[in-house]
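So the structure is just underneath, and the comments pick up after that.
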Amino acid sequence: MALRFVHCSDIHLLDLDGVGPLRFLNKRLTGAVNLALHRRKAYAPHLFDKIVASALDLGADRLVVTGDVTNLALEAEFELVRRKFGEAGLPVTVIPGNHDAYTKGAARSRRFERYLGAFMEGERASGHDYPFVQRFGGVALIGLSTAIATLPLYATGFLGDPQLARLDTILERLGAERVARIVLIHHPVMPGVSKARHDLRDLDAFMRVIARRGAELILHGHEHLHIEGVLPGPEAEAVVHGIASGTSLSEREGRHGAFSLYTVAPGSIHRAHYTWNGSDFEAGRESTH
Ligand SMILES: [Fe+2]
Ligand SMILES: [Fe+2]
């Protein structure tokens, strides 16, 4: 009856072997590759393997990843992610982040969806990738995309009115059935969390949908920061959890590599949070909503 899953985000797996000599890249990507190489010290891809191993140890039914699985949305990166997800040993659900639509070419060719579509199977309006709905009895995962190609130095997201209208319909229908609705979105959804040029451009419209239809839990990433809050809903508030990067080596408060184990059933949400202590993921705070 309950869905037991591990949530992580912003794993930014790096595979620059497929990039080729930097001189063959366009200027924008050259800068970005240098940035990604620089990041290597701050993020460790092997932490993702630890998260998968922990999810299996903890008996999770599923692993949920809320975007930024790559750095530059390169084919080599998506190939690595697809292999990692395929070999995880438990089912994976994924949505895209801004880094997964890094270039216009990647976004236009639907590279993320082409490589990782197997991890986004579910009900959806025909002709539209998002939202997709994965039902597990009385619990549903609802996957959104805020991923758009942006100008350099921008990391904004955008849902768009058509996707929001479809979300409205889905939340209304599942709400009427008393299903526990878990919304997956890459960008933060509480006002003021993300700075301009890093934010969800149509956050107000998203908040209006939640205020009208409600949701039980909203999970996001993007800021690489631990965030907790609520958004107003028609009956109860929607619980909002933002999680730090799963592969971060940071020792700053709220920025440690992290994942959470959720047990969700209609009317109850339990979370156990785990953070990276330099050598392992350590059990931390537990909370119930
Ligand atoms: Fe990220
Ligand atoms: Fe992001």
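Taking segment 133-184, which residues are closer than 22 Å to K104 by Cβ, among the polar types (S, T, N, Q) and more than 16 Å from ligand 2 (Cβ to nearest atom)?
Q163
Taking the condition of being over 21 Å from P234 (Cα atoms) and either within 19 Å of the chain's Cα centre (by Cα) or modelled with pLDDT under 95 (or both), how many residues in segment 155-185 meet it?
6
Check I227 against each of (1) without any contact (Cβ under 8 Å) to a residue 24 or more places away in the chain; (2) within 14 Å of ligand 1 (Cβ to nearest atom) and name the one condition it does not meet.
Of the numbered conditions (1) without any contact (Cβ under 8 Å) to a residue 24 or more places away in the chain; (2) within 14 Å of ligand 1 (Cβ to nearest atom), the odd one out for I227 is (1).
Name the residue, out of H222, H187, H198, that is within 16 Å of ligand 2 (Cβ to nearest atom), over 29 Å from R4 (Cα atoms), crowded, with 17+ Cβ neighbours inside 10 Å and of a type outside the set (S, T, Y).
Criteria check complete, one pass: H198.
Out of (1) away from ligand 2 (no atom under 16 Å from the Cβ); (2) part of a loop (DSSP other than H, G, I, E, B); (3) modelled with pLDDT under 95, the odd one out for E121 is which?
(3)
What tally of residues in segment 76-118 results from selecting those that are assigned to a loop (DSSP other than H, G, I, E, B), within 16 Å of ligand 2 (Cβ to nearest atom) and among the polar types (S, T, N, Q)?
Of the residues in segment 76-118, 1 are assigned to a loop (DSSP other than H, G, I, E, B), within 16 Å of ligand 2 (Cβ to nearest atom) and among the polar types (S, T, N, Q).
Taking the condition in contact with a helix residue (DSSP H, G or I) (Cβ under 7 Å, 6 or more places away or on another chain), at pLDDT below 95 and not acidic (D, E), does P152 pass?
yes
Quick one: is F112 in contact with an Asp or Glu (Cβ under 7 Å, 6 or more places away or on another chain), farther than 26 Å from D57 by Cα, crowded, with 20+ Cβ neighbours inside 10 Å and aromatic (F, W, Y)?
yes
If you scan segment 247-288, which residues turn out to be in a loop (DSSP other than H, G, I, E, B), in contact (Cβ under 8 Å) with a residue 60 or more places away in the chain and out of contact with any Ser or Thr (no Cβ under 6 Å at 6 or more places or on another chain)?
Correct list: T247, L249, S250, P266, G267, D280.
With the requirement that a residue be assigned to a strand (DSSP E or B), over 15 Å from the mean Cα position of the chain (by Cα) and closer than 24 Å to P162 by Cβ, what does segment 190-242 give you?
Passing the criteria: L231, A238.
Taking segment 53-78, which residues are surrounded by fewer than 22 Cβ atoms within 10 Å (Cβ to Cβ) and either free of Cβ contacts under 8 Å to residues at least 40 places away in the same chain or aliphatic (A, V, I, L, M) (or both)?
Those that are surrounded by fewer than 22 Cβ atoms within 10 Å (Cβ to Cβ) and either free of Cβ contacts under 8 Å to residues at least 40 places away in the same chain or aliphatic (A, V, I, L, M) (or both): A53, L56, D57, L58, A76.
Going through segment 108-132 one residue at a time, which ones are more than 19 Å from R173 (Cβ to Cβ) and among the small types (G, A, S)?
Selection gives S109, G117, A118.
Here are V133, V92, V81, V64: which of them is within 16 Å of ligand 1 (Cβ to nearest atom) and touching a strand residue (DSSP E or B) at 6+ places or on another chain (Cβ under 7 Å)?
V64
The values are calculated or read from the model by the stated rules, or taken from the named source; none is laboratory data. As the structure is a computational prediction, the values presented were derived from the model and not from experiment. Using ideal geometry, Cβ is built from the backbone for each residue, glycine included, and neighbour counts are taken over all protein chains shown.
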